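In what follows, a single structure is set out as structure tokens and then discussed.
The values are calculated or read from the model by the stated rules, or taken from the named source; none is laboratory data. Predicted model only: the values in this text are computed from it and were never measured. Quick reminder, even Gly has a Cβ in these numbers, built from the backbone with ideal geometry, and neighbours come from all protein chains shown.
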Amino acid sequence: MNWANPEFFWLLLLLPVIMAVQIWRTAKKKKPGILFSSISDIEQLPGNYRSWGVWAGPILFWICYTLVVLAMARPQEENTTVEQSVEGIDIVLSIDISSSMLAEDFEPNRLIAAKQIAAEFIENRPDDRIGLNVFARQSFTVVPPTMDHRLLTEMLDGIDIGMVQDGTAIGLGIATAINRLKESDAESRVIILLTDGLNNAGEIDPVTAGELAAVHNIRIYTMGIGSRGTAPYPIEDPVFGRRYQNVRVDIDEEMLTRIAELTGGQYFRATHTEELHEVYQEIDRLERSEIEEIIYTDYEDRYPGFLIAALLFGILGLISDRILFRTIVS
């Protein structure tokens with residue numbers, strides 16, 4: 001509750017003076033009343049008018065005065081409406097699905113960890129259009145940039161090793177994502193590229209693809225995923241079943257850094273699951289949608305309710321003083 005004219009609250013300081021004067025006058029003044037032959041006749045009246053009835057009128061008038069002052073202070077209810085205009089970002093996740101993503105230096109392996117954390121990233125960005133493409137020796141779009149994040153996460157969960165021929169065509173992964181973003185009318189367009197290896201396939205050089213992204217004002221965040229040194233890689237042996245072999249982790253960090261710098265993005269290295277989670281959080285902080293807020297404030301006067309209540313108390317005061325609780329004279 002707001003008060004448009006709070007200066008009228010000073011009038012409440014007069015209330016104690018009014019009360020003192022009225023108490024003094026009521027104590028001194030004797031009003032005409034009904035004549036009874038004895039005190040016992042008066043005691044038979046319901047409520048014992050002698051003891052408290054004489055004060056009902058003054059108390060009601062004091063409440064009436066207080067309500068009038070509150071109405072003069074003009075109570076108001078504030079109604080606020082906020083309109084938000086969101087400037088979304090178009091994002092394409094480009095994920096390596098070469099066989100090396102089965103390495104288990106991440107829990108439970110690189111690909112599953114990458115999918116789980118990417119799903120959290122998608123969930124935290126409801127205002128952005130997000131797409132998904134994958135690459136190994138070839139590259140293809142799984143979902144173009146969309147606001148249907150439920151469909152996107154379902155399709156993300158379904159990607160797996162073996163969907164395309166094995167290899168690592170990083171340049172193709174970037175080029176496919178560019179094709180999905182170059183016609184976008186979004187103010188900001190971003191590719192998040194995740195890989196665990198060296199470019200060893202495809203007709204497009206990764207740095208050349210980065211230069212093409214820069215021409216289209218598309219920013220690329222590159223991620224190298226994999227522990228340093230070696231990583232346990234599962235091998236299915238027809239005789240002994242699954243066994244593990246430590247394989248060397250080779251990531252062309254210089255090339256991934258160059259691509260990111262060309263486009264105004266950043267390169268990140270994640271060596272374990274928690275670090276990968278932190279990388280996505282950092283990208284989430286760097287790429288935030290612009291939200292414009294327009295606030296409309298409306299005030300609705302509430303003083304009529306106080307005036308009506310004051311009128312009712314005033315009428316009750318008159319009735320009490322003149323009819324119900326007259327001074328009784330013995």
Restricting the stretch 273-290 to residues that are in a helix (DSSP H, G or I) and within 17 Å of the chain's Cα centre (by Cα), the residue that is modelled with the highest pLDDT: GLN281
Lone qualifier among ASP237, ASP252, ASP205 - being more than 17 Å from HIS272 (Cβ to Cβ) and surrounded by 17 or more Cβ atoms within 10 Å (Cβ to Cβ): ASP252
Scope the stretch 215-264; condition of a type in the set (D, E, K, R) and under 42 Å from the mean Cα position of the chain (by Cα); matching residues: ARG219, ARG228, ASP250, ASP252, GLU253, GLU254, ARG258, GLU261
Test set (1) in a helix (DSSP H, G or I); (2) buried (at least 20 other Cβ atoms within 10 Å of the Cβ); (3) of a type outside the set (Phe, Trp, Tyr); (4) touching a helix residue (DSSP H, G or I) at 6+ places or on another chain (Cβ under 7 Å) - ILE130 fails condition number: (1)
Residues located in the stretch 173-198, provided they are touching a Ser or Thr at 6+ places or on another chain (Cβ under 6 Å) and part of a loop (DSSP other than H, G, I, E, B): ASP196, GLY197
Qualifying position, being under 18 Å from LEU102 (Cβ atoms), of a type in the set (Ser, Thr, Tyr), crowded, with 24+ Cβ neighbours inside 10 Å and assigned by TED's automatic domain parsing to the domain that holds VAL164, among THR230, THR222, THR195: THR195
Top-ranked residue of the stretch 144-172 - restricted to ones that are part of a helix (DSSP H, G or I) and aliphatic (A, V, I, L, M), ranked as nearest to ASP96 (Cα to Cα): ILE170
Sole exception among (1) modelled with pLDDT under 75; (2) more than 30 Å from VAL207 (Cα to Cα) for LEU316, by number: (1)
Some residue of the stretch 137-154 being under 20 Å from GLU274 (Cα atoms), touching a residue at least 12 places away in the same chain (Cβ under 8 Å) and not assigned by TED's automatic domain parsing to the domain that holds GLU7: no
